[in-house]
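Shown next, in structure tokens, is the structure this report addresses.
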Amino acid sequence: MTHDHDLELRPTGAQTEAALNPPPGRNGGDLVVETLAGLGATTVFGLPGQHALGMFDALRRSSLRYVGLRVENNAGFAADAYGRITGEAAPLLLSTGPGALTSLAALQEAASASAPVLAISSQVPTAGLGGGRHGYLHELPDQAASFRGVVKSVHTVRSQSQIPSAVAEAWRSALTAPHGPVWVEIPQDVLLAETSLPVVTAPDATPEALVPRVELTAVAADLLSRALRPAIIAGGGVVRSDASGKLRQLAEKLDAPVVTTFGGKGAFPWEHPLSLQSWLEDRYMTDLLEDADVLLVVGSGLGELSSNYHTFKPRGRVVQIEADLGKLESNHPALGIHADARLALQALLETVSERRDATAPERVRDVLGRIADRIAGQELALEQDVLGSVRRALPAGSPSFWDMTILAYWAWSAFDPRGTNTMHSAQGAGGLGYGFPAALGAAAADPGRPVLAVSGDGGALYSIAELATARQYDLPVTWLIVDDGGYGILREYMTDAFGQATATELTRPDYVALAESFGVPGVRTTPEALEADLAKALATPGPSVVVLPALLRMFAPTHLG
């Protein structure tokens with residue numbers, strides 16, 4: 001008896017001929033790039049190194065587009081942004097030892113933000129694996145050990161026949177909810193050796209769906225249907241799972257106000273009558289969420305930034321939908337539902353009863369008004385004007401990438417992203433240097449629209465080398481550098497805590513002249529001219545730099561009592 005799947009596994013005549021007579025001159029690196037292409041990858045990021053040359057040589061025989069950055073950590077940030085924008089696993093090709101280790105901070109950010117990055121590193125020759133001290137260049141006793149606490153999964157290859165399966169399994173891991181970075185390492189001799197294996201065509205790496213348990217969604221639907229004051233916190237999981245439409249339907253069906261976390265920016269329309277926007281670092285918002293008798297938390301672990309620095313103490317029932325099992329009920333007791341946000345929201349939509357609450361929009365307006373009054377009393381017109389100028393200059397639908405800088409901290413709470421999956425920052429892991437290289441990765445994903453990067457002068461110094469990358473690939477990224485002469489937020493923290501700041505002041509270059517030395521147009525602007533200068537730069541093809549000398553301040557915190 002012949003089954004349909006038996007027929008599917010039988011190769012055609014052309015496939016048999018190709019398998020029996022693979023093209024000459026291929027090596028282990030070809031198996032890597034063929035597998036990536038077969039999985040659907042089109043663009044790879046990275047930096048070559050001696051042990052990884054087999055992979056990079058294979059790139060010239062493939063259809064993959066290579067975008068090379070100047071520092072491995074920046075290449076990791078670019079891959080992170082590419083993964084966030086496209087929802088695809090972004091390949092990141094690295095060399096052994098120092099090259100690999102330099103990517104760690106970027107991979108931590110990708111892990112914190114659930115960005116799918118497929119890092120593929122070389123290793124010392126096979127004879128050097130296992131912890132012996134052979135003295136190979138770049139040798140580590142256990143290179144993979146440095147990554148196990150950061151990435152979702154680690155895959156070590158020891159022979160060419162393992163390459164397609166290891167890369168495909170890593171791809172599946174990166175794209176299984178929650179998305180995240182994964183690590184593959186392949187010894188130098190395996191990559192360089194000539195191969196007689198057939199060309200890799202279409203490996204199967206379909207991620208498994210993370211489906212909610214029906215008895216849990218039934219209980220959650222009953223709680224929400226009978227709630228008197230329901231509210232919703234929407235996190236980055238809503239954005240990553242492309243579930244913003246379902247979130248809006250559920251909120252409208254329940255008349256439930258929605259606040260988005262900083263990682264969930266864009267998960268809910270900013271100007272919607274039920275939108276509490278993103279003012280999580282405010283006691284008025286914390287009070288409203290604590291007062292909810294049923295609080296639905298979707299795609300958030302309610303970590304430090306999402307809980308007003310752990311001052312949030314819910315008094316009602318919490319229903320938490322989270323794809324990362326380790327985050328489920330990690331901060332608050334809840335009806336925990338381990339599931340992809342999109343699938344769980346769909347289940348709730350099908351089972352909740354419609355409820356009407358005419359007071360919900362009024363409560364939203366009230367809390368937002370009280371927050372606005374609090375900010376207005378702090379003489380922060382410059383900061384609000386600068387952020388407003390950025391918003392008006394940036395076309396709707398264009399993505400923005402924000403470094404860890406005071407203007408970004410304002411943007412977390414106060415910036416309207418005008419679209420889903422358009423605003424991204426390094427608030428997951430909190431490392432410096434994210435904004436500009438991440439914007440380059442987003443521009444590589446979609447070069448048809450301008451991309452904005454925002455950095456302080458301290459963070460900008462991490463990424464200056466990538467001006468060469470922006471120019472080499474003519475990527476449409478406008479880089480706004482807010483120059484306040486140092487690490488501005490650390491200056492504030494230290495002054496508040498100790499009365500004066502130490503180690504926060506920086507000697508820095510003339511950023512306009514430096515940009516122009518790379519062939520990138522630069523302009524020095526003022527708060528009054530920022531909107532026009534930024535809009536002009538964003539409308540001009542290719543990369544550009546806009547420098548704003550300004551000393552910005554943060555709004556007063558509400559979590560310190």
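The values are calculated or read from the model by the stated rules, or taken from the named source; none is laboratory data. Quantities reported herein were computed from a predicted structural model and do not represent experimental measurements. Here the Cβ positions follow ideal geometry from the backbone for every residue, glycine too, while neighbour counts run over all protein chains shown. Protein only, heavy atoms only, side chains kept; ligands, DNA and RNA dropped before computing areas. Shrake-Rupley method; radii C 1.70, N 1.55, O 1.52, S 1.80 Å.
Here are a few things to note about the model shown:
- Of the residues making up segment 302-317, one or more are open to solvent by 20 Å² or more (accessible area, probe 1.4 Å) and of a type in the set (S, T, N, Q).
- Residue match in segment 397-415 (condition: open to solvent by 10 Å² or more (accessible area, probe 1.4 Å) and at pLDDT below 95): yes
- Members of segment 166-201 found to be part of a helix (DSSP H, G or I), under 30 Å from LEU296 (Cβ atoms) and among the aliphatic types (A, V, I, L, M), listed by number: ALA174, LEU175
- Residue within segment 354-361 that is of a type in the set (Val, Ile, Thr), at pLDDT 95 or above and open to solvent by 60 Å² or more (accessible area, probe 1.4 Å) present: yes
- Residues of segment 130-165 satisfying the condition of being aliphatic (A, V, I, L, M), over 22 Å from ALA205 (Cα atoms) and open to solvent by less than 30 Å² (accessible area, probe 1.4 Å): ALA144
- Scanning segment 370-384 for residues that are within 23 Å of GLY266 (Cβ to Cβ) and open to solvent by 30 Å² or more (accessible area, probe 1.4 Å), we see that the one that is farthest from the chain's Cα centre (by Cα) is ALA372.
- When SER389 is tested against (1) open to solvent by less than 30 Å² (accessible area, probe 1.4 Å); (2) without any contact (Cβ under 8 Å) to a residue 12 or more places away in the chain, exactly one condition is not met: (2).
- TYR487 falls short on exactly one of the conditions (1) closer than 19 Å to PHE436 by Cα; (2) touching a residue at least 40 places away in the same chain (Cβ under 8 Å); (3) within 26 Å of the chain's Cα centre (by Cα), and that condition is (2).
- Among helices (runs of 4 or more DSSP H) entirely within segment 202-282, having at least 3 residues that are touching a residue at least 40 places away in the same chain (Cβ under 8 Å) and touching a strand residue (DSSP E or B) at 6+ places or on another chain (Cβ under 8 Å) singles out 214-226, 244-254.
- In segment 457-511, residue surrounded by the most Cβ atoms within 10 Å (Cβ to Cβ) [restricted to those that are among the charged types (D, E, K, R) and assigned to a helix (DSSP H, G or I)]: GLU466
- Yes/no for ALA119 being of a type in the set (A, V, I, L, M), in contact with a Gly (Cβ under 8 Å, 6 or more places away or on another chain), under 15 Å from LEU36 (Cα atoms) and crowded, with 17+ Cβ neighbours inside 10 Å: yes
- Scan segment 37-55 for residues that are open to solvent by 10 Å² or more (accessible area, probe 1.4 Å), in contact with a helix residue (DSSP H, G or I) (Cβ under 7 Å, 6 or more places away or on another chain) and not in a loop (DSSP other than H, G, I, E, B) and the total you get is 1.
Residues checked against (1) within 26 Å of PRO557 (Cα to Cα); (2) among the charged types (D, E, K, R):
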position: TYR284; (1), (2): yes, no
position: LEU305; (1), (2): yes, no
position: ARG315; (1), (2): yes, yes
position: ALA323; (1), (2): no, no
position: ILE337; (1), (2): no, no
position: ASP340; (1), (2): no, yes
position: LEU345; (1), (2): no, no
position: VAL352; (1), (2): no, no
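- Among the candidates ASP287, ASP293, ASP282, residue that is farther than 22 Å from LEU560 by Cα, among the acidic types (Asp, Glu) and either open to solvent by less than 30 Å² (accessible area, probe 1.4 Å) or modelled with pLDDT of 95 or more (or both): ASP293
- Some residue of segment 233-243 being open to solvent by 30 Å² or more (accessible area, probe 1.4 Å) and within 27 Å of ILE85 (Cβ to Cβ): yes
- All helices (runs of 4 or more DSSP H) inside segment 75-159 with 3 or more residues being in contact with a helix residue (DSSP H, G or I) (Cβ under 8 Å, 6 or more places away or on another chain): 98-101, 104-113
- Counted residues, segment 196-232 - those being more than 29 Å from the chain's Cα centre (by Cα), closer than 30 Å to ALA52 by Cβ and surrounded by fewer than 20 Cβ atoms within 10 Å (Cβ to Cβ): 5
- Filter pass, THR126 being at negative phi, open to solvent by 10 Å² or more (accessible area, probe 1.4 Å), under 18 Å from the mean Cα position of the chain (by Cα) and among the polar types (S, T, N, Q): no
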